[in-house]
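Encoded as structure tokens, the structure appears first; notes follow it.
The values are calculated or read from the model by the stated rules, or taken from the named source; none is laboratory data. Quick caveat, the model's predicted, so the values are computed rather than measured. Cβ: placed from backbone, ideal geometry, glycine included. Neighbour counts: every protein chain shown. Areas reflect the complete protein model, heavy atoms only, side chains present, ligands, DNA and RNA absent. Shrake-Rupley method; radii C 1.70, N 1.55, O 1.52, S 1.80 Å.
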Amino acid sequence: MTALPSLIALFASAAAACLPFVAHAADDDARIRGIVDAAMRPVIQQYDVPGMAVAVIVGGRPHFFSYGVASRQDHTPVSENTLFELGSVSKTFTATLALYAQETGKLSLGDHPGRFMPALAGYPVDKASLLELGTYSAGGLPLQFPDAVSDDAQMIDYFRQWQPDAEPGVQRRYSNPSIGLLGHVIAIALKSNFADAVETRLFPALGLNQSYVRVPQGEMARYAWGYDKTNKAIRVNPGMFDAEAYGIKSTAADMARFVQANIDPAKLEGPMRRAVEGSHTGYFRIGDMVQGLGWEQYPYPVSLQRLQAGNSPEVSMKPNAAVKLTPPRKPSGATLFNKTGATNGFGAYVAFVPEERIGIVMLANRNFPIPARINAAHAILSRLAPDTKQR
């Protein structure tokens with residue numbers, strides 16, 4: 001009978017020993033919430049953002065913060081499990097899948113599209129490598145397809161008629177048709193369609209179970225409504241290469257896992273680990289930004305001015321001279337990776353610094369201005385790594 005008091009005393013002692021750690025974790029959570037609230041609440045108010053899910057990664061550990069509603073009609077609250085449209089953040093998955101296909105021997109980034117699409121062999125677009133398609137340096141492909149391009153036959157005809165403004169590898173012009181063609185080739189190389197390849201190969205290998213190209217009917221209740229400039233509830237429309245360029249829907253919880261995988265790829269299986277690591281390689285320098293496959297890079301710490309310049313319309317909407325990095329380079333020091341994304345009703349931003357083990361995911365059901373996203377994210381990341389000095 002004397003054992004029971006002894007066990008009680010033992011458990012009480014263990015619980016008391018844990019209290020400082022629990023208190024410290026609670027204090028840390030409160031501190032991070034204060035940082036995120038201070039940056040995000042003014043943005044949400046200024047731009048009338050209906051709802052937003054934010055994940056910040058600190059020390060490799062995610063913290064989630066939710067604001068507003070996923071639908072103004074039924075007042076569904078946002079959570080870390082709400083599905084948002086990623087817009088062009090989807091391109092980081094296309095890039096990762098390309099590298100995975102290369103790691104598994106299905107293609108080489110040095111290949112040309114004509115190897116997989118004989119209908120394009122010998123045309124100017126076939127001078128570009130898959131790498132140049134994925135880094136928007138094929139020679140001047142535009143931001144969007146013309147409205148008349150709506151099926152595969154019209155897509156092939158468009159690429160046959162396209163005339164470049166520059167030789168491949170000389171100019172960067174941000175382009176959905178460019179990286180979309182890469183995605184189309186990946187699917188052919190994998191003997192799949194693109195959506196199937198992403199949903200059945202890429203997402204499971206990354207441990208993502210709340211991400212979709214095609215949202216299943218059973219998950220539609222978690223799919224937020226986006227809101228356009230007139231506050232009309234909308235979702236993304238089908239378009240040529242939509243899945244490859246801007247079509248993924250995901251949650252803050254899954255995107256935090258994706259950021260964690262990029263911060264510490266060692267936890268992934270071999271080919272996927274090497275694919276994620278490969279997505280951190282830089283291929284071209286465009287001003288102060290280095291263009292990789294999917295991700296865009298900056299030495300860290302990075303000033304707000306420099307980060308804004310790399311995400312400005314001058315870079316995203318206009319041709320820019322591209323300086324090829326020979327050989328391609330892995331970052332030599334602390335580096336910030338980032339990508340913006342938007343559809344007509346949604347806005348997203350993702351950034352992370354592997355060496356600092358910090359990152360941010362910002363998902364909103366309004367396409368609010370990119371400078372506001374950059375300002376808020378930079379303020380949060382700067383306070384999460386307070387010992388760094390801005391360059």
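For the reader, a short list of remarks on this structure follows.
Per-residue answers, yes or no, for (1) without any contact (Cβ under 8 Å) to a residue 12 or more places away in the chain; (2) out of contact with any helix residue (DSSP H, G or I) (no Cβ under 7 Å at 6 or more places or on another chain):
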| site | (1), (2) |
| --- | --- |
| Ala26 | yes, yes |
| Ala30 | yes, yes |
| Arg33 | no, yes |
| Val36 | no, no |
| Met40 | no, no |
| Tyr47 | no, no |
| Gly68 | no, no |
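- Residues of region 146-199 satisfying the condition of being open to solvent by 10 Å² or more (accessible area, probe 1.4 Å), under 18 Å from Ser316 (Cα atoms) and among the hydrophobic types (A, V, I, L, M, F, W, C): Ala166, Val170
- Answer residue from region 83-107, given it is among the polar types (S, T, N, Q) and open to solvent by less than 10 Å² (accessible area, probe 1.4 Å) and is nearest to Asn367 (Cα to Cα) among those: Ser90
- Of all the listed residues (Gly287, Gly270), the sole one being over 22 Å from Gly207 (Cα atoms), surrounded by fewer than 17 Cβ atoms within 10 Å (Cβ to Cβ) and over 16 Å from the mean Cα position of the chain (by Cα) is Gly287.
- Within region 26-43, considering residues that are open to solvent by 40 Å² or more (accessible area, probe 1.4 Å) and among the aliphatic types (A, V, I, L, M), the one modelled with the lowest pLDDT: Ala26
- Residue ranges of strands (runs of 3 or more DSSP E) in region 291-363 with at least 3 members under 28 Å from Phe84 (Cβ atoms) and under 12 Å from the mean Cα position of the chain (by Cα): 335-343, 346-353
- Scanning region 187-213 for residues being out of contact with any Ser or Thr (no Cβ under 7 Å at 6 or more places or on another chain) and in a helix (DSSP H, G or I) gives a total of 14.
- Counting only residues that are part of a loop (DSSP other than H, G, I, E, B), acidic (Asp, Glu) and more than 25 Å from Ala322 (Cα to Cα), region 138-173 holds 2 of them.
- Matching residues in region 317-360 - criterion: being in contact with a helix residue (DSSP H, G or I) (Cβ under 8 Å, 6 or more places away or on another chain) and of a type in the set (Ser, Thr, Tyr): Thr335, Thr340, Thr343, Tyr349
- The set of residues in region 116-137 that are open to solvent by 30 Å² or more (accessible area, probe 1.4 Å), part of a loop (DSSP other than H, G, I, E, B), more than 10 Å from Ile156 (Cβ to Cβ) and not hydrophobic (A, V, I, L, M, F, W, C) contains only Gly122.
Condition check ((1) within 26 Å of Val56 (Cα to Cα); (2) not in a loop (DSSP other than H, G, I, E, B)) across all residues:
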{"position": "Val215", "(1), (2)": "yes, no"}
{"position": "Ala221", "(1), (2)": "yes, yes"}
{"position": "Thr230", "(1), (2)": "no, no"}
{"position": "Pro238", "(1), (2)": "no, no"}
{"position": "Gly247", "(1), (2)": "yes, no"}
{"position": "Phe258", "(1), (2)": "yes, yes"}
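- Cβ pairs under 6 Å, 6+ apart, first in region 291-319 and surrounded by fewer than 16 Cβ atoms within 10 Å (Cβ to Cβ), second modelled with pLDDT under 95 and part of a loop (DSSP other than H, G, I, E, B): Ser303/Gln390; Ser303/Arg391
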